[in-house]
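Colleague: Handing you this structure, nothing more for now.
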Amino acid sequence: MPGPTDAAPGAAVPGPGVSGSGVPGPGVPGPADPAARQEALSAPVLARRPLVIALDGPSGSGKSSVSRAVATRLGLAYLDTGAMYRALCWSCLEAGVDLSDEEAIAAHVRSFPLRMGTDPAAPGVWVGSRDVGAEIRETRVSSAVSRVARVGEVRAEMRRLQRAVIDDARHGETRGCVAEGRDITTVVAPDADVRILLTASEEARLARRAREVHGTDDASAISATRDQVLGRDAADSAVTSFLTAADGVLELDSSALDFEQTVQAVLVAVERTICHGTGAGPAGPEFHNAPAPVGSPA
Ligand code: DC
């Protein structure tokens, strides 16, 4: 089992290789036979190394679990950049840093001993020798993390660390990675081979997050989730632009897709982008801004 890696400039930890298949979602093109479909999806993609996939999206869009699954199936490393901001927020809270004091937060990030694991089967987060993987998901961190993420010096340092991890993964054993967050397609890795913005309707995102946190999506769970999800997106969108796709970034709406269908849609997007080059996006109703494939009638 791979261990942690220093985020700066630590090497990416290898992923577990390719496994699994699934059924594409409605509108996702591909051969009728599932085995042929998997082969058609993965062969060109597996041959393409290095391969960096950038995936952004708002809270509850499913980007973390989808990114992990895509990384696992393609044998790539996985980088959860949100976990890095969460770890910094956790560390500030532990140290009693005043979160309204941007200079104090900036001073804290200058000596922040973060280590990120990039195995999609078990992506770990350590601050020094402490495994903070569970604690960074606590509500106190989720509610405060935007205050840390808005600090300019924090964003600059995170960008540097994230690029170092992506670069190590590109040149390391996995020869690539799936990196997910809010500004990966636009700021951190605008040169990624495939860039996707994963969106979902507000209703779908609230229901997913409510099931994740409360185990149900009944009315009271949704209302308990609403402020956290929508409030955090509003705060985050003041510093990052993840609600609309930038030029050249494919927008995938997962509102009507289940988890497996979303993973398959991303795999199709990766395969199409690699086979047809930039500007030849996937077809399918869930891709809002996909240009026509090369050679298709105008
Ligand atoms: O994806 P997440 O909920 O774990 O992200 C936690 C916070 O980190 C989120 O509120 C916004 C911030 N973030 C960011 O500003 N830039 C990123 N690339 C990833 C996350």
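The values are calculated or read from the model by the stated rules, or taken from the named source; none is laboratory data. A quick note: this is a predicted structure, and the numbers were derived from the prediction, not measured. A quick note on method: Cβ atoms are made from the backbone with ideal geometry, for glycine too, and the neighbour counts reach across all protein chains shown.
Colleague: So Ser146 passes all but one of these: (1) in contact (Cβ under 8 Å) with a residue 40 or more places away in the chain; (2) more than 13 Å from the ligand (Cβ to nearest atom). Which condition number does it fail?
Modeller: The number of the failed condition is (2).
Colleague: Give me the helices (runs of 4 or more DSSP H) completely within the stretch 58-173, filtered to those with at least 1 residues that are closer than 28 Å to Ala47 by Cβ and of a type in the set (Ser, Thr, Tyr), ordered by residue number.
Modeller: Helices (runs of 4 or more DSSP H) meeting the threshold: 63-74, 81-95.
Colleague: What's the total number of residues in the stretch 174-188 that are surrounded by 20 or more Cβ atoms within 10 Å (Cβ to Cβ), in a loop (DSSP other than H, G, I, E, B) and more than 10 Å from the ligand (Cβ to nearest atom)?
Modeller: Number satisfying all stated conditions: 1.
Colleague: Among the residues of the stretch 150-173, count how many are within 14 Å of the ligand (Cβ to nearest atom) and either in contact with a helix residue (DSSP H, G or I) (Cβ under 8 Å, 6 or more places away or on another chain) or not β-branched (Val, Ile, Thr) (or both).
Modeller: Within the stretch 150-173, residues that are within 14 Å of the ligand (Cβ to nearest atom) and either in contact with a helix residue (DSSP H, G or I) (Cβ under 8 Å, 6 or more places away or on another chain) or not β-branched (Val, Ile, Thr) (or both) number 15.
Colleague: Here's something else I'd like to know. Which residue out of Ala36, Ala40, Ala32 is more than 16 Å from the ligand (Cβ to nearest atom), outside any helix (DSSP H, G or I), modelled with pLDDT under 80 and among the hydrophobic types (A, V, I, L, M, F, W, C)?
Modeller: Within the list Ala36, Ala40, Ala32, the selection yields Ala32.
Colleague: Please list, ordered by first then second residue, the pairs with beta carbon atoms under 7 Å, 6 or more apart or interchain, first in the stretch 96-112 and under 15 Å from Arg155 (Cβ atoms), second among the small types (Gly, Ala, Ser).
Modeller: Pairs that qualify, where the first residue is under 15 Å from Arg155 (Cβ atoms) and the partner is among the small types (Gly, Ala, Ser), are His108/Ser91; His108/Ala95; Phe112/Ser91.
Colleague: Could you say whether any residue in the stretch 113-128 is buried (at least 17 other Cβ atoms within 10 Å of the Cβ), touching a residue at least 12 places away in the same chain (Cβ under 8 Å) and polar (S, T, N, Q)?
Modeller: Yes, that holds for at least one residue.
Colleague: For Met84, which of the numbered conditions (1) out of contact with any helix residue (DSSP H, G or I) (no Cβ under 9 Å at 6 or more places or on another chain); (2) under 30 Å from Ser255 (Cβ atoms) fails to hold?
Modeller: Result: Met84 fails condition (1) only.
Colleague: Which of the following residues is within 28 Å of Ile166 (Cβ to Cβ), of a type in the set (A, V, I, L, M) and part of a strand (DSSP E or B): Leu267, Leu252?
Modeller: Leu252
Colleague: If you don't mind, there's one more thing I want to ask. If you go through the stretch 52-90, how many residues are under 15 Å from Thr174 (Cβ atoms), hydrophobic (A, V, I, L, M, F, W, C) and within 13 Å of the ligand (Cβ to nearest atom)?
Modeller: Going through the stretch 52-90 one residue at a time, the tally reaches 1.
Colleague: Using beta carbons and a limit of 6 Å, which pairs, at least six apart or on different chains, have the first residue in the stretch 224-239 and under 16 Å from Ser201 (Cβ atoms) and the second one near the ligand (Cβ under 8 Å from one of its atoms) and not β-branched (Val, Ile, Thr)?
Modeller: Short answer, once both residue conditions are applied: Val229/Ser59; Asp233/Ser59.
Colleague: Identify, by number, the condition in (1) closer than 27 Å to Leu250 by Cα; (2) within 13 Å of the ligand (Cβ to nearest atom); (3) out of contact with any strand residue (DSSP E or B) (no Cβ under 8 Å at 6 or more places or on another chain) that Val141 doesn't meet.
Modeller: Val141 satisfies all of (1) closer than 27 Å to Leu250 by Cα; (2) within 13 Å of the ligand (Cβ to nearest atom); (3) out of contact with any strand residue (DSSP E or B) (no Cβ under 8 Å at 6 or more places or on another chain) except (1).
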